[in-house]
Amino acid sequence: MNYERRKELNRIYSELEGLQSRIGELIGGLECVKDDEENAYDCFPENLQNSERGEKMQDNIQALEDAIEQLNEVDSYISEAMGYIEEASE
């Protein structure tokens, strides 16, 4: 691989590192919101936990867990792609 292509691969690799960092920040933010929603739900009296509002809170918690899981998968795919880029630039 010539210098210019290797240079472009290095640029892309750096962009992916930044993307991974940003995804990590977003996951952290989602986890904080999810934890807050779980704490709010846990503080509800049992009769309110079983109400429509409580069920909606449980749905919200599950949706946030799903979003976190999907972002973790994206992060994993980015790591895999970065490995391929390293291999190609050797």
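The values are calculated or read from the model by the stated rules, or taken from the named source; none is laboratory data. Please read these numbers as outputs of a predicted model, since none were measured by experiment. Note that each Cβ is placed from the backbone with ideal geometry, even for glycine, and that neighbours are counted across all protein chains shown. The accessibility values were calculated without ligands, DNA or RNA, using every heavy atom of the protein model including side chains. Shrake-Rupley method; radii C 1.70, N 1.55, O 1.52, S 1.80 Å.
Scanning the stretch 32-57 for residues that are of a type in the set (D, E, K, R) and over 18 Å from Ile68 (Cβ atoms) yields Asp42, Glu46, Glu52, Arg53, Glu55, Lys56. Note on the stretch 5-44: residues that are under 23 Å from Val74 (Cβ atoms), among the basic types (Lys, Arg) and open to solvent by 70 Å² or more (accessible area, probe 1.4 Å) total 2.
Let me spell it out: the conditions are (1) without any contact (Cβ under 8 Å) to a residue 24 or more places away in the chain; (2) touching a Ser or Thr at 6+ places or on another chain (Cβ under 6 Å), and Glu25 meets all of them except one. Which number is the exception? Status for Glu25: all satisfied but (2). Among all residues of the stretch 51-69, there is none that is free of Cβ contacts under 8 Å to residues at least 12 places away in the same chain, assigned to a helix (DSSP H, G or I) and within 30 Å of Met1 (Cα to Cα). Between Tyr41, Tyr3, Tyr13, the distinction of being of a type in the set (Ser, Thr, Tyr) and at pLDDT below 95 belongs to Tyr3 only. Scanning the stretch 70-90 for residues that are under 30 Å from Tyr3 (Cα atoms), part of a helix (DSSP H, G or I), free of Cβ contacts under 8 Å to residues at least 40 places away in the same chain and open to solvent by 40 Å² or more (accessible area, probe 1.4 Å) yields Ser76, Tyr77, Glu80, Tyr84, Glu87. If you go through the stretch 1-22 and keep only what is over 16 Å from Gln70 (Cα atoms), in contact (Cβ under 8 Å) with a residue 12 or more places away in the chain and in a helix (DSSP H, G or I), you end up with Arg6, Leu9, Asn10, Ile12, Tyr13, Leu16, Glu17. Residues in the stretch 45-65 that are surrounded by 13 or more Cβ atoms within 10 Å (Cβ to Cβ) and among the acidic types (Asp, Glu): 1 in all.
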